[in-house]
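To start, the structure under review is shown below, and the notes come after it.
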Amino acid sequence: MTTTATTYTRDQINALLLANDRAVLVAMTRLYDAQTSDEKAVTTVRYLNHKGFSVRTVGVGSRIARKVAKGVTLTAAEMKLARDIALWHSKQLVELANAKAAAKAAAV
């Protein structure tokens, strides 16, 4: 049995990020997980590989993602920053979501 993977668009991901705080929190952890281990250790971008946070967002993005991973509730200001960062990286989030959907479909 062949299952077709869902394909997300940037507009769909942006709409989800604008409407859903939980999606923003997941986005922050996905972006943090995409950082290399040495980038996580020093909270900076060491490789211009378009994976994880950018030079512009790595400091605050990493801090917020670590809080989310610990289950700490974000302040309203932190949530706004997280949403802005997620929207800034929505192209990458589309790629991550589509890769996850394709892997899930292939496993069926």
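The values are calculated or read from the model by the stated rules, or taken from the named source; none is laboratory data. Keep in mind that this is a model prediction, so the values were computed, not measured. Cβ atoms come from the backbone with ideal geometry, glycine included; neighbour counts cover every protein chain shown.
I need the full set of residues from segment 11-41 which are basic (Lys, Arg), at pLDDT 95 or above and surrounded by 13 or more Cβ atoms within 10 Å (Cβ to Cβ), in order please. Let's see the steps before the verdict.
First pass over segment 11-41, keeping only residues basic (Lys, Arg): 22, 30, 40.
From the residues that got through so far, the ones that are at pLDDT 95 or above too are 22, 30.
Matches in segment 11-41: Arg30 only.
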Name the pairs: first residue in segment 58-73 and in contact (Cβ under 8 Å) with a residue 40 or more places away in the chain, second residue surrounded by 13 or more Cβ atoms within 10 Å (Cβ to Cβ) and not in a helix (DSSP H, G or I), Cβ to Cβ under 9 Å, at least 6 apart or on different chains? Val68/Leu74
Only one of Val55, Val60 is out of contact with any Ser or Thr (no Cβ under 7 Å at 6 or more places or on another chain), surrounded by fewer than 16 Cβ atoms within 10 Å (Cβ to Cβ) and β-branched (Val, Ile, Thr). Can you tell me which? Val55
Considering every residue within segment 79-88, establish whether at least one is surrounded by 12 or more Cβ atoms within 10 Å (Cβ to Cβ), within 21 Å of Thr9 (Cα to Cα) and at pLDDT below 90. no
